Amino acid sequence: MHLEFTDEQKMLRESVKTFAEKEVAPLAYEIDRDERFPSESFKRLAEMGLLGVTVPAEYGGAGAGYTEMCIIGEELGVVCCSTSATWGAHSDLCVDNIRRNANPAQKKKYLPPLCDGSKIGGLAMTEPSSGSDVLSMKLRAERKGDFFILNGSKIFISNGPVGDVFVIYAKTSPEKGAHGVSAFIVEKESPGFSRGKKFEKMGWRGSPTGELIFEDCRVPVENLLGEEKKGVDVLMSGLNTERILLGALSLGISRGAFECALKYAKERVQFGKPIAAFQLIQSKLADMSMDIELSRLITYQGAAMADKGLKRELNLIAAYAKLFTSEAAMRVTTEAVQILGGYGYMKEFPVERMMRDAKLQTIGGGTSEIQRLIIAREILSST
């Protein structure tokens, strides 16, 4: 596949790259160290019109597609995975979910403040006892009059400690299994909603992750997202594009680590010559570069397919992209640390942060093991 980007997409990349290098990169060390939400960058992303990438202009969005979303995620990921992850949890997991599945009244109410940054969004699916086995969720939603009453909790929720609006999955008919799940839009002001523990993480430290608690939480019936007991349709409508976007983020991490390692290898002199002159270092750089190029191809192939609405075909490509790019990011960042040696292990250089950030790419959004199961299922069913 030969990647061809429009002039508008090329301009978007240059704009985000410039912003990332000048405004996001200088904050990356600090927000990782302090585990704080990148509020400055989030505000600027809102001003740039990048919080509602796929949302139509009538609701305050950019009216663009998943290729544009991947361009933004990649360029932010080059310098700060935490900022890219926080932006993605808002723009993709929450905003795009509402854009795809909400009715006109819900779109009018929620999309404009999410697009202008006055509200922060997130999505809550994982629970203490349900990770990869998402349909074993325990959160219950019982209808009583004009409200659904939610009881239970969600865990490991990106933007959980800071979010204002969440897309929540709960079981309205537990006895029906997958056919008993419903999706809701829940606001932080909802009676019975509270935040639990904020988690300290190995990576993505500037992207706040926490627990959400629902104790007789009252959610209006009009906040049902999609049809009752059709929550799996809402869930499945976003999994593949989430995985493609995570592929772009992994690609960004790999690029950031490679660029740092390449610069260091050209400048670091040992035994009278730059270490880039040594064949073992050259071998590492070659493998890293290859991983990046293949990550780019599979990610943007997936984005192009998503923009064309090729849902069935995207299931396999998204799994390929999520699996390959995340494991490539681990390989690239590990080699970057190795090339920098002792310096690579120090916080003076960003590669140790990038290596920590890369690990979650193989876990969140569907583990590497789950992606392999999806791939195996797809190839077996097609033969």
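The table below lists the values:
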{"quantity": "Residue that is most open to solvent (accessible area, probe 1.4 Å), among those in the stretch 170-212 that are of a type in the set (S, T, Y) and in contact with a strand residue (DSSP E or B) (Cβ under 7 Å, 6 or more places away or on another chain)", "calculated": "S194"}
{"quantity": "Residue in the stretch 326-336 that is farthest from K263 (Cα to Cα), counting only those that are open to solvent by 10 Å² or more (accessible area, probe 1.4 Å) and touching a residue at least 40 places away in the same chain (Cβ under 8 Å)", "calculated": "E327"}
{"quantity": "The stretch 290-312 residues that are farther than 15 Å from F5 by Cβ, paired with ones that are among the polar types (S, T, N, Q) and surrounded by fewer than 19 Cβ atoms within 10 Å (Cβ to Cβ) (beta carbon under 9 Å, 6 or more apart)", "calculated": "K311/S237"}
{"quantity": "Segments classed as strands (runs of 3 or more DSSP E), wholly inside the stretch 173-257, with at least 1 members that are closer than 30 Å to E327 by Cβ and of a type in the set (K, R)", "calculated": "193-198"}
{"quantity": "Residues being without any contact (Cβ under 8 Å) to a residue 12 or more places away in the chain, open to solvent by 50 Å² or more (accessible area, probe 1.4 Å) and not charged (D, E, K, R) - total across the stretch 337-365", "calculated": "4"}
{"quantity": "Hits in the stretch 14-38 (condition: in a helix (DSSP H, G or I), under 19 Å from D357 (Cα atoms) and either open to solvent by less than 30 Å² (accessible area, probe 1.4 Å) or hydroxyl-bearing (S, T, Y) (or both))", "calculated": "A20, V24, A28, Y29, I31, D32"}
{"quantity": "Any chance S237 is among the polar types (S, T, N, Q) and surrounded by fewer than 19 Cβ atoms within 10 Å (Cβ to Cβ)", "calculated": "yes"}
{"quantity": "Exclusive hit being within 25 Å of S237 (Cβ to Cβ) and either surrounded by fewer than 23 Cβ atoms within 10 Å (Cβ to Cβ) or touching an Asp or Glu at 6+ places or on another chain (Cβ under 7 Å) (or both), set A286, A376, A321", "calculated": "A376"}
{"quantity": "G364 in contact with a Leu (Cβ under 9 Å, 6 or more places away or on another chain) and among the small types (G, A, S)", "calculated": "yes"}
{"quantity": "Those residues of the stretch 128-142 which are assigned to a strand (DSSP E or B), touching a strand residue (DSSP E or B) at 6+ places or on another chain (Cβ under 8 Å) and surrounded by fewer than 21 Cβ atoms within 10 Å (Cβ to Cβ), in sequence order", "calculated": "R140, E142"}
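The values are calculated or read from the model by the stated rules, or taken from the named source; none is laboratory data. Everything quoted here is computed from the prediction, not taken from an experiment. Every residue, glycine as well, gets a Cβ built from its backbone with ideal geometry; the counts of neighbours run over all protein chains shown. Surface areas here come from the heavy atoms of the whole protein model, side chains and all, with no ligands, DNA or RNA. Shrake-Rupley method; radii C 1.70, N 1.55, O 1.52, S 1.80 Å.
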